[in-house]
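Engineer: Handing you this structure, nothing more for now.
Only the coordinates and a few stated rules stand behind these numbers; no lab work does. What you are looking at is a predicted structure, and each value in this text was computed from that prediction instead of being measured. Note that we place each Cβ from the backbone using ideal geometry, even for glycine, and neighbour counts take in every protein chain shown.
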Amino acid sequence: MKFCSECAHPVSLQIPPDDNRPRFVCGNCGAIHYQNPKMVVGSIPVWERDGEVRVLLCKRAIEPRHGYWTLPAGFMENGETTTEAAERETEEEAGARIKLGALFSLINVPHVHQVHFFYLAELLDLDYTAGIESLEVTMFREDEIPWADIAFPTVEYTLRSFFADLAKVKTGDGVFGLHTDDIRKRMVQPEQPD
């Protein structure tokens with residue numbers, strides 16, 4: 001951030017009085033500009049018939065990770081709830097109508113200042129189509145998922161957790177739970193001198 005959104009004067013990074021971390025502060029009007037994590041919200045659209053479960057995935061038509069597979073998800077908009085965001089993103093990216101279920105995963109991604117939420121969802125029909133942010137939309141059984149081409153660690157974590165829960169549900173030994181995790185960027189360690 002370079003300029004104050006209140007008065008358009010330059011801002012500087014400093015720790016305001018009674019705070020504990022650097023913030024952008026306007027030297028002219030005194031406005032403190034807080035920057036907070038963005039929320040990414042999506043769904044796990046599921047179609048189940050005759051005991052066979054398939055999940056709807058989208059192949060990304062945009063960066064980052066163009067050409068890789070993901071669950072339908074995106075940034076939450078101001079003025080909407082997380083459930084509204086999940087439904088909207090599923091419609092925009094996959095053209096799919098869903099019945100939204102419970103929150104399934106909540107994943108912190110602090111190195112990119114994001115929190116990802118994925119809801120269980122039941123596909124209401126098979127009338128889906130790729131939106132402008134998707135190259136294609138396809139349903140996959142667990143053994144068909146292109147694991148090496150999954151776009152993001154949060155999506156892989158969510159899918160693996162979903163199929164692990166599904167296996168327990170099918171045997172009567174479990175339920176779909178809420179899964180949480182922190183995905184931190186793996187730092188490359190510098191080479192040590194000999």
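Engineer: Over segment 72-183, what relative contact order in percent results from Cα pairs under 8 Å that are six or more residues apart? Mind showing how you got there, number by number?
Structural biologist: On the way: 151 pairs, mean separation 29.4, N = 112.
Taking the mean separation of contacting Cα pairs over the length of segment 72-183, I get 26 percent.
Engineer: If you don't mind, there's one more thing I want to ask. Over the chain, what relative contact order in percent results from Cα pairs under 8 Å that are six or more residues apart?
Structural biologist: Normalised by residue count, the contact order of the chain is 20 percent.
Engineer: Mind listing P(r) for the chain? All alpha-carbon pairs, 10 Å bins, whole percents.
Structural biologist: Result, from short to long distances: 9, 29, 28, 17, 12, 4, 0 percent.
Engineer: Could you work out the helix-only [θ] at 222 nm for the chain, with each DSSP H run of four or more residues adding -39,500 (n - 2.57) and the total divided by the number of residues, to the nearest 500 deg cm²/dmol?
Structural biologist: Working: 2 runs with 31 residues, N = 194.
Dividing the helical sum by the residues of the chain leaves -5500 deg cm²/dmol.
Engineer: Tell me the label-point distance for the pair GLN14, ALA31, using the 7 Å Cα-to-Cβ offset, in nm and rounded to one decimal.
Structural biologist: Output for this residue pair reads 1.7 nm.
Engineer: Further question: State the Cα centre-to-centre distance between segment 156-184 and segment 53-78 in whole Å.
Structural biologist: 20 Å
Engineer: Please list, in chain and number order, the residues 5+ apart from CYS4 or on another chain whose amide H is under 5 Å from its amide H, with Hs placed from the backbone.
Structural biologist: For CYS4, the qualifying residues are HIS9, VAL11.
Engineer: Okay, next question. So what J values fall out for segment 31-43 if you push phi through Karplus, 6.51 cos²θ - 1.76 cosθ + 1.60 with θ = phi - 60°, rounded to Hz, Gly and Pro as x?
Structural biologist: Karplus-based 3J(HN,Hα) across segment 31-43 equals 4, 9, 9, 8, 10, 10, x, 8, 9, 10, 10, x, 9 Hz.
Engineer: Starting from the amide H of ILE62, placed 1.01 Å from N in the peptide plane, find each other amide H under 5 Å away whose residue is 5 or more places distant or on another chain.
Structural biologist: GLY67
Engineer: Restricting to the chain, what percent of DSSP beta bridges are antiparallel, rounded to 5? The partial results should precede the final answer.
Structural biologist: Details: 31 of 45 bridges.
The antiparallel proportion sits near 70 percent.
Engineer: 7 Å from Cα along Cα→Cβ at both ARG141 and VAL175: what's the point-to-point distance in nm?
Structural biologist: With each label point 7 Å from Cα toward Cβ, the separation is 2.9 nm.
Engineer: Can I ask one more? Mind checking the dipole of the chain: about its Cα centre, +1 per Lys or Arg Cβ, -1 per Asp or Glu Cβ, Debye to the nearest 20?
Structural biologist: 520 debye
Engineer: What FRET efficiency comes out for HIS111 versus GLU48 if R0 is 35 angstrom and r is the Cβ-Cβ distance? Round to the nearest 0.05.
Structural biologist: 0.45
Engineer: For the chain, with the dipole built from +1 on Lys and Arg beta-carbon atoms and -1 on Asp and Glu ones, taken about the Cα centre, which of THR171, CYS29, ALA151 lies farthest toward the positive end?
Structural biologist: Checked the options; the winner is CYS29.
Engineer: What's the extension gain from MET39 to PHE3 if we count 0.36 nm per residue and subtract their Cα-Cα distance?
Structural biologist: Once the chain is fully extended between MET39 and PHE3, it gains 10.5 nm.
Engineer: May I pose another question? For a quick check, take a GNM of the chain with Cα springs below 10 Å and name the residue from LEU166, LEU71, LEU120 with the largest mean-square fluctuation.
Structural biologist: It is LEU166.
Engineer: Further question: Applying the Karplus parametrisation 6.51 cos²θ - 1.76 cosθ + 1.60 with θ = phi - 60° to the phi angles of segment 14-25, what ³J(HN,Hα) value in whole Hz is obtained for each residue in order, glycine and proline being reported as x?
Structural biologist: 7, 8, x, x, 6, 10, 10, 8, x, 9, 7, 10
Engineer: Taking amide hydrogens as modeled 1.01 Å from N in the peptide plane, which residues meet the under 5 Å criterion relative to GLU80, leaving out close sequence neighbours?
Structural biologist: Under 5 Å from the amide H of GLU80 lies no amide H from a residue far enough along the sequence or on another chain.
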